[in-house]
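**Student:** Structure incoming, see below.
The values are calculated or read from the model by the stated rules, or taken from the named source; none is laboratory data. Keep in mind it's a predicted model, so treat the numbers as computed, not measured. Don't worry about glycine lacking a Cβ; one is built from the backbone with ideal geometry, like all the others, and counts go over all protein chains shown. These accessible areas exclude ligands, DNA and RNA; they are computed on the full protein's heavy atoms, side chains included. Shrake-Rupley method; radii C 1.70, N 1.55, O 1.52, S 1.80 Å.
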Amino acid sequence: MLKAAHASASEVVDALEASLIEVRRDLHSHPELSWKEERTTERLAAQLQAAGLQPELMPETTGLYVDIGTGEFAAGFRGDIDALPVAELTELPFASTHPGVAHACGHDIHTTIALGVALSLQRLHQDRIEGGEPDGLGAKVRVIFQPAEETMPGGALEMVQQGVLKPLPRIFALHCDPRIEVGMIGTRIGAITSAADVVRINVTGRGGHTSRPHLTEDMVSALAHIASAVPAVLSRRVDVRSAVSLVWGQIEAGSAHNAIPSSGTLVGTMRILDADAWRDAGKLLDEIVEQVAAPWGVDVELEHIRGVPPVINSERETTLLEHAGREVLGSEGLELAPQSMGGEDFAWMTQELPGAMFRLGTKTPGGADFDLHRGDYVPDERCIGYGTKIMVTTALSAINELRRG
């Protein structure tokens, strides 16, 4: 075992890296959908117990958390553990063995790094005790293995409601980014992801023959008008700095070329970068839909299904991540992360605590281009070591801040 006089976060992670890659490949081969991550939860608990830790399983769901160290809490770290209903196309030797399910968003990497943080901190804690420090790390860190990030409103909200964050002063997370080269990270203060809601508009009215549209409410024309006008009006009723976006992904009406249907549906997503605008958007959207639909004489029913708020990176926590990134990667290893209009349920945690998420580069230099939620996504596994080192270094900095008071 590495002794306190010689051990560093980098050395401890280096000693674990090969085994962490094997864990990642095992998780990748056995992906599990949201709220069904039973095997993943069991495997993680076994790894933590083997290291002398005492993980706590969530009482009514999948997922778990574990505390490392003693005394006051310095920080929490979150890794999400679920996969996507996507068929894997990589043909890797450790490709998914579950048809139609794959870790196409990098959550196997997130989970492995979270495990690496827990195991690394435990080794450092034990080394310091063996080196004569009675309190080891001198504080506690909580690592959270969260289920169901890929659903709305997401497993993070369940963790919040179960009180998992209550003793923590701050929270950190990361997300794979296939556009950033491995060995680099992206950071940003403020909104780094968007709020994401589901919007469904059900429209009904008199149907009839296409030769006599004046005797109907002309459902298809009404839907087309609502589909184009509602996003346009919304963009003028919300502060443009909020970056509101309403995009339809589904429109359904009719079954014959010469028959006007009596009902139709629009379904899409609304995304907003500003948390206050997101909270106010429901009432405004209802008003706009009613006004836009009124000239057509149709009946409309709006279903606005709240998803997740935006992830707001606090300045102090982002600065800690950036300092850790520079220590591990050098100054050239950091870049400004663009704001993403994608949703991320870590936002529920940053609404409760100061926190920050960074983008972890997973692109092999000169290699193929990928995107998330694609069955062919192949992250460069070197990102596991980099991500773990940055998170462990951030944890140690948070502990040092706490000890200095």
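**Student:** For the stretch 59-65, just list the computed ³J(HN,Hα) in residue order, Karplus coefficients 6.51, -1.76 and 1.60, θ = phi - 60°, integers in Hz, with x standing in for Gly and Pro.
**Tutor:** In residue order, the calculated couplings are x, 10, 9, 6, x, 6, 8 Hz.
**Student:** So, one more: For the stretch 308-360, evaluate the Debye formula with one uniform point scatterer on each Cα (no solvent term) and list log10 I(q)/I(0) at q = 0.12 Å⁻¹, rounded to two decimals.
**Tutor:** -0.29
**Student:** Percent of accessible area on the chain owned by carbon and sulfur, 1.4 Å probe?
**Tutor:** Summing carbon and sulfur atoms, their accessible area is 49 percent of the total for the chain.
**Student:** Convert each backbone phi in the stretch 312-325 into a coupling constant with the Karplus relation 6.51 cos²θ - 1.76 cosθ + 1.60 (shift: θ = phi - 60°), then list the ³J(HN,Hα) values in order as whole Hz, x for Gly and Pro.
**Tutor:** 10, 7, 6, 5, 5, 5, 5, 4, 4, 4, 5, 4, 5, x
**Student:** So for the chain, averaging the separation of alpha carbon pairs under 8 Å that are six or more residues apart and normalising by length, what relative contact order in percent results?
**Tutor:** Across the chain, relative contact order equals 23 percent.
**Student:** Continuing with the same structure: Please give the per residue accessible area of the stretch 71-159, computed with a probe of 1.4 Å over protein heavy atoms only, in Å².
**Tutor:** Accessible area per residue, the stretch 71-159: 30 Å².
**Student:** If you don't mind, there's one more thing I want to ask. Report, to the nearest 10°, how far helix 38-50 tilts away from the longest principal axis of the Cα atoms in the chain, using its own Cα long axis and a range of 0 to 90°.
**Tutor:** 20 degrees
**Student:** Return the Rg/Rh value of the stretch 36-170, two decimal places, where both radii are evaluated on C-alpha atoms and Rh is the Kirkwood radius.
**Tutor:** In the stretch 36-170, Rg relative to Rh is 1.02.
**Student:** Using alpha carbon centroids, what distance separates the stretch 341-405 and the stretch 298-335, in Å?
**Tutor:** Here the answer is 10 Å between Cα centres.
**Student:** Okay, moving on. How many percent of the alpha carbon pairs in the stretch 102-158 exceed a separation of 17 Å?
**Tutor:** Percent of Cα pairs beyond 17 Å in the stretch 102-158: 53.
**Student:** On to the next question. Rounded, prolate or oblate: which fits the stretch 1-111, taking a ≥ b ≥ c as square roots of the Cα gyration tensor eigenvalues, rounded meaning a/c under 1.5, else prolate when a/b beats b/c?
**Tutor:** Verdict is oblate for the stretch 1-111.
**Student:** With only alpha-carbon atoms counted, please give the Rg and Dmax of the chain, in Å.
**Tutor:** Gyration radius and largest Cα-Cα distance of the chain: 24.1, 90 Å.
**Student:** What is the ratio of the Cα radius of gyration of the stretch 141-189 to 2.2 N^0.38 Å, with N the residue count, to two decimals?
**Tutor:** 1.41
**Student:** Once you place label points 7 Å from the Cα toward the Cβ at Glu290 and His373, how far apart are they in nm?
**Tutor:** Label at Glu290, label at His373, 3.2 nm between them.
**Student:** Which listed residue (Ala191, Pro167, Gly154) has the Cα farthest towards the positive end of the charge dipole for the stretch 133-243, taking +1 on Lys and Arg C-beta and -1 on Asp and Glu C-beta about the Cα centre?
**Tutor:** Farthest along the dipole direction, towards plus: Ala191.
**Student:** Also, I was wondering about something else. In the chain, what is the count of Lys pairs whose alpha carbons are under 24 Å apart, counting only pairs at least 8 residues apart or on separate chains?
**Tutor:** 5
**Student:** Kindly state, to the nearest 0.05, the FRET efficiency for Arg206 paired with Asp280, given R0 = 35 Å and r defined as their beta-carbon distance.
**Tutor:** Between Arg206 and Asp280 the formula returns 0.50.
**Student:** Sticking with this structure for a sec: Write down the accessible area per residue of the stretch 251-399 in Å², having rolled a 1.4 Å probe over the full set of protein chains.
**Tutor:** Ligands and nucleic acids excluded, the figure is 43 Å² per residue.
**Student:** Multiplying the sequence separation of His257 and Thr70 by 0.36 nm and subtracting their Cα-Cα distance, what value in nm do you get?
**Tutor:** 60.2 nm
**Student:** Also: Taking amide H atoms as placed 1.01 Å from N in the peptide plane, list the residues 5 or more away in sequence, or in a different chain, whose amide H sits under 5 Å from that of Leu33.
**Tutor:** Ala83
**Student:** Quick check on the stretch 262-392: what does the Kirkwood estimate of hydrodynamic radius come out to from the alpha carbon pairs, in Å?
**Tutor:** 18.4 Å
**Student:** Moving on to the next point. Between Glu301 and Glu22, with labels modelled 7 Å along Cα→Cβ, what's the label distance in nm to one decimal, could you check?
**Tutor:** Distance between label points: 5.6 nm.
**Student:** Please turn the phi angles of the stretch 191-207 into ³J(HN,Hα) values with the Karplus equation 6.51 cos²θ - 1.76 cosθ + 1.60 (θ = phi - 60°), one per residue in order, whole Hz, x for glycine and proline.
**Tutor:** Values per residue, Gly and Pro as x: 5, 10, 10, 9, 5, 9, 10, 9, 10, 10, 10, 9, 10, 9, x, 6, x Hz.
**Student:** Taking the stretch 175-237 on its own, what percent of its Cα-Cα pair distances exceed 16 Å?
**Tutor:** That tail contains 69 percent of the Cα-Cα pairs.
**Student:** What distance in nm separates the simple spin-label points at Thr319 and Ser331, each placed 7 Å from Cα in the Cβ direction?
**Tutor:** 1.8 nm
**Student:** Sorting check: for 181-189, 193-201, which peptide has the highest mean count of neighbouring beta carbons within 10 Å, and how do the rest follow?
**Tutor:** 193-201, 181-189
**Student:** What FRET efficiency, computed as 1/(1 + (r/R0)^6) with R0 = 22 Å and r the Cβ-Cβ distance, is obtained for Glu56 and Gln161, rounded to the nearest 0.05?
**Tutor:** It comes out at approximately 0.90.
**Student:** What are the extents of the Cα atoms of the stretch 213-270 along their three principal axes, listed from largest to smallest and rounded to whole Å?
**Tutor:** Principal axes ranked by extent give 44, 22, 13 Å for the Cα atoms.
**Student:** Hey, another quick one. Considering all projection directions equally, how large on average is the shadow of the alpha-carbon convex hull of the stretch 152-281, in square nanometres?
**Tutor:** 12.5 nm²
**Student:** Ok, one more. If N is the number of residues in the stretch 315-405, what value comes out of its Cα radius of gyration divided by 2.2 N^0.38 Å?
**Tutor:** 1.22
**Student:** Would you please give the residues with an amide H less than 5 Å from that of Phe77, counting only those at least 5 places away or on a separate chain, with H modeled from the backbone geometry?
**Tutor:** Distant-sequence amide H within range of Phe77: Arg142, Val143, Ile144, Phe172.
**Student:** Here's something else I'd like to know. Using Cα centres only, tell me the gap between the stretch 201-255 and the stretch 108-158 in whole Å.
**Tutor:** Taking the Cα centre of each part, the stretch 201-255 and the stretch 108-158 sit 48 Å apart.
**Student:** Per residue, how much space in cubic angstrom lies within the convex hull of the C-alpha atoms of the stretch 113-229?
**Tutor:** Enclosed volume per residue, from the Cα hull, is 203 Å³.
**Student:** For a quick check of understanding: with a 1.4 angstrom probe and all protein chains in place, what accessible area in square angstrom does Ile192 have, to the nearest ten?
**Tutor:** Roughly 0 Å² of Ile192 is accessible to a 1.4 Å probe.
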